[in-house]
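Asker: Below you will find the structure I want to go over with you.
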Amino acid sequence: LRDSDQVRVCGVLGGSGSGKSSLMRAGLLDQLENGMAPNSADWRIFDFLPGSEPIKMLALQILKFERGEGTGSRLTELMREFQSDSKILDRHVAAALNGQPDQRVVFFVDQLEEVFLSPREERDAFFNNLVHAATNRAGQTILLFTLRVDFYSNCAENPKLAELIPGHHLLVGPIEPGERRKAIAGPARLVGCEVEQALVEVLIDESG
């Protein structure tokens, strides 16, 4: 995510239930919100599921950023802009952060595989806007995502995405029982509490 790399992208790939989203939210996003990077505590973070209408979901994030919730004609206008120009997202972020060079906008796209439920033209517009914004040398956008590993090959359908992902992701394996115990009981211990061992075992059995 270093600006010196000119690529502000990080993904977490793994199987279903491997803890990808939790790792991103409780790990990287939490650290950014607590000032891991210079000024990152003040960065705007947008966490969303793309669903089968990714362009609509992306446009809604911009509306929230610019002036709160928005719908109607402005939403339709934004969606058309995204579908016609891959540089629109980068321009909107630049306009919203005008005069704040140390600020960044973070888009966390959880379950990126959902985008492949949309028509090819729409998903290409979605990917192209995010990739351009996160790789433009002068840009201020950071792209974070999770992706089910069985959809990895689908990314080859979009040349820009296919070029970007291989060098900018972390692959996580399945969570073993010992790791599940730590995930369940560890946060409680950090705040001085204990979880009943019997409850831990029940949760491990049910999560399996």
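Asker: Looking at Pro174, Pro166, can you tell me which residue is assigned to a loop (DSSP other than H, G, I, E, B) and modelled with pLDDT under 95?
Answerer: Only one candidate qualifies: Pro174.
Asker: Could you grab me the full set of residues in the range 124-156 that are open to solvent by 30 Å² or more (accessible area, probe 1.4 Å), touching a residue at least 60 places away in the same chain (Cβ under 8 Å) and in a helix (DSSP H, G or I)?
Answerer: Correct list: Thr135, Val149, Asp150, Tyr152.
Asker: Has the range 69-86 got any residue that is in contact with a His (Cβ under 6 Å, 6 or more places away or on another chain), crowded, with 16+ Cβ neighbours inside 10 Å and part of a loop (DSSP other than H, G, I, E, B)?
Answerer: yes
Asker: Another one. Residues of the range 35-55 being under 10 Å from Gln103 (Cα atoms) and in contact (Cβ under 8 Å) with a residue 60 or more places away in the chain, which ones?
Answerer: Correct list: Pro38, Asn39, Ser40, Asp42, Trp43, Arg44.
Asker: Residue under question is Glu113, and the condition is that it be among the charged types (D, E, K, R), within 16 Å of the chain's Cα centre (by Cα) and outside any loop (DSSP other than H, G, I, E, B); does it hold?
Answerer: Yes, satisfied.
Asker: I would also like to ask the following. Is there a residue being in a helix (DSSP H, G or I), open to solvent by 60 Å² or more (accessible area, probe 1.4 Å) and without any contact (Cβ under 8 Å) to a residue 40 or more places away in the chain anywhere in the range 97-107?
Answerer: Checking the range 97-107: not a single residue is in a helix (DSSP H, G or I), open to solvent by 60 Å² or more (accessible area, probe 1.4 Å) and without any contact (Cβ under 8 Å) to a residue 40 or more places away in the chain.
The values are calculated or read from the model by the stated rules, or taken from the named source; none is laboratory data. These numbers come from a predicted model, not from an experiment. Note: ideal-geometry Cβ built from the backbone for every residue, glycine included; neighbour counts use all protein chains shown. Surface areas here come from the heavy atoms of the whole protein model, side chains and all, with no ligands, DNA or RNA. Shrake-Rupley method; radii C 1.70, N 1.55, O 1.52, S 1.80 Å.
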